[in-house]
1. Test each condition in (1) surrounded by 15 or more Cβ atoms within 10 Å (Cβ to Cβ); (2) outside the structural domain of Leu18 (by TED's automatic domain parsing); (3) charged (D, E, K, R) for Arg157 and report the one that comes out false.
2. Answer yes or no as to whether Gln21 is more than 37 Å from the chain's Cα centre (by Cα), at pLDDT 85 or above and either surrounded by 14 or more Cβ atoms within 10 Å (Cβ to Cβ) or not assigned by TED's automatic domain parsing to the domain that holds Asn252 (or both).
3. Take the conditions surrounded by fewer than 17 Cβ atoms within 10 Å (Cβ to Cβ) and either under 20 Å from Leu241 (Cα atoms) or among the β-branched types (Val, Ile, Thr) (or both) and apply them to Arg220. Does it pass?
4. State whether one or more residues within the range 452-459 are over 29 Å from Leu130 (Cβ atoms) and either of a type in the set (Asp, Glu) or out of contact with any His (no Cβ under 9 Å at 6 or more places or on another chain) (or both).
5. Which residue, of Phe317, Phe266, is farther than 23 Å from Ser137 by Cβ, not assigned by TED's automatic domain parsing to the domain that holds Asp198 and not in a loop (DSSP other than H, G, I, E, B)?
6. Select, from Thr70, Thr85, the only residue that is in the same structural domain as Ile33 (by TED's automatic domain parsing) and under 19 Å from Lys36 (Cβ atoms).
7. Which of the residues belonging to the range 169-221 are within 30 Å of Leu430 (Cβ to Cβ), among the basic types (Lys, Arg) and in a loop (DSSP other than H, G, I, E, B)?
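The values are calculated or read from the model by the stated rules, or taken from the named source; none is laboratory data. Since this is a predicted model, take the numbers as computed values, not measurements. Every residue, glycine as well, gets a Cβ built from its backbone with ideal geometry; the counts of neighbours run over all protein chains shown.
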Amino acid sequence: MQIFKDLEQNIGLFEKKLPIQKSFDLVGRRLIIAGKPAYYLLVDGLSKDDVLLRLFQHIQGQQGIEDMETLESFLQNQIGYIETTLERDVDLMMKAILSGQTLLLIDGFDQAILLDMRTYPVRSPQEPDLEKVTRGSRDGLVETIVFNTALVRRRVRDPNLVYEMKEVGSKSCTDVVIGYIDGLADPHLVAHLREALDNIHVDALLMGEKTLEELLIKKRWYNPFPQAKFTERPDVVAAHLLEGHVVLMVDNSPSAMLFPATLFHFTQHSEDYYQNPLVGTYIRWIRFFAILISLLFTPLWLLLAQNPDFVPSILQFMIPTESAAIPLFVQLLLVELGLEILRMASIHTPSSLTTAMGIIGGLILGQYAIEVNLLIPDTVLYMAIAGLATYAVPSVEFGMAIRIYRIFILLLTGLFDVWGFAIGFILFLLVLVTTRSFSGLRYTWPLLPFDGRALSNVLIRKPIIEVKRHEKENRRKPVK
């Protein structure tokens, strides 16, 4: 639907479509510009009031109408503001108003002027809590999408860096940006993402980028492995863009999604590259070891404890010498549950009380559980080691997936002994091997299918110059 030339008809049209008289934050005001009746409409709190004041002070002082024969000439000669557009479509105008733009209607014209003077409440780009580094930049993504694109553009001044804006959600009309470097990113992946976003039909992205991920990626309920890498660091986004990845940013979300993502993308961290290559390699191998401990340590210990006759003498110290009122694998499950409750409580506890909560949960409850013969000390110790290793995984989503499969293997081991452990571990490997990333690339690449050069870059933190020399061969992977 298009607007009319008559101003009163246009005002009535917008008053029918928007609750201007009911909602206090929708501000509409009549004024005179160059002797012509005019009307502006905006959302209070989303526009730059000082810029708007200066602009209207200027154009309201114009007495002649020689510059208003057309809105194009008026826009060119009288409005010096940078971000302005002319629009006829009413639906597009409404979306623009509700996103924070200012609408200016002038009598006698069947076009309107949209002034993009948006300003959103925003926090400072501080370092993300989940991705801290000992050295490196201390800024992080925020909830305003324009700020996030600027933080990345500041690091990647490549003229081929492209940001495509999409809109998702019939009611929320959430802005979603596809970012990529033209010529480096796989064009099939970009087209696939673009098509997938266009085909999403939902009222709103209630949980931001996480809701978008679930809408984009269709996977089985039994597969908790993340297929998009989340980050809140602009330097990580910039590094992945330069490697040929594609980024999705969602307005109101301080995280970015990176595609494609495979298993080994979740084992790397910014800390690796802010350290010497040898130190970075050491940190990376410690992280690999921690992932294995997180997955297999407690099921293996339970397996040894249930079969002491097959344990070699060098590992006899791991066989528990005490007993408790409940079976050993039930103890492990109870401690696993306690650690999960402790983790959840730490999220909901005010920061000033987290230390006290940790003392109560980790020390007092654990100690008394041992004294009342509910648990044995070995259970608490080995479960604590596994829990600590879980927090060494840099990706929260991948760490939770490992934790779920640890409980699964632990439960099967407790019920079916050796066969249970074997079945649980084989099922874990089957899910891992059969999972594919959003681009169609296998989740286990570059291990399966094998790519020696890419795998060496994963296992060893090589100097940046050496990595860049060979990265072109691994930039593009076809979408299947």
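1. (1)
2. Values: more than 37 Å from the chain's Cα centre (by Cα): yes; at pLDDT 85 or above: yes; either surrounded by 14 or more Cβ atoms within 10 Å (Cβ to Cβ) or not assigned by TED's automatic domain parsing to the domain that holds Asn252 (or both): yes.
Against the criterion (more than 37 Å from the chain's Cα centre (by Cα), at pLDDT 85 or above and either surrounded by 14 or more Cβ atoms within 10 Å (Cβ to Cβ) or not assigned by TED's automatic domain parsing to the domain that holds Asn252 (or both)), Gln21 qualifies.
3. When the stated conditions are applied, Arg220 does not pass them.
4. Taking the range 452-459 and keeping what is over 29 Å from Leu130 (Cβ atoms), we get 452-453.
Next cut, either of a type in the set (Asp, Glu) or out of contact with any His (no Cβ under 9 Å at 6 or more places or on another chain) (or both) only: 452.
Taking every residue of the range 452-459 in turn, at least one turns out to be over 29 Å from Leu130 (Cβ atoms) and either of a type in the set (Asp, Glu) or out of contact with any His (no Cβ under 9 Å at 6 or more places or on another chain) (or both).
5. Details: Phe266 fails: farther than 23 Å from Ser137 by Cβ.
Only one candidate passes the filter, namely Phe317.
6. Values: Thr85 fails: under 19 Å from Lys36 (Cβ atoms).
Result: Thr70 is the single residue among Thr70, Thr85 that is in the same structural domain as Ile33 (by TED's automatic domain parsing) and under 19 Å from Lys36 (Cβ atoms).
7. Those that are within 30 Å of Leu430 (Cβ to Cβ), among the basic types (Lys, Arg) and in a loop (DSSP other than H, G, I, E, B): Lys218, Lys219, Arg220.
Every residue, every condition in (1) modelled with pLDDT under 90; (2) aliphatic (A, V, I, L, M); (3) in contact with a helix residue (DSSP H, G or I) (Cβ under 7 Å, 6 or more places away or on another chain), yes or no:
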site	(1), (2), (3)
Thr149	no, no, no
Val152	no, yes, yes
Val156	no, yes, yes
Pro159	no, no, no
Tyr163	no, no, yes
Val168	no, yes, yes
Ile178	no, yes, yes
Glu195	no, no, no
Asn199	no, no, no
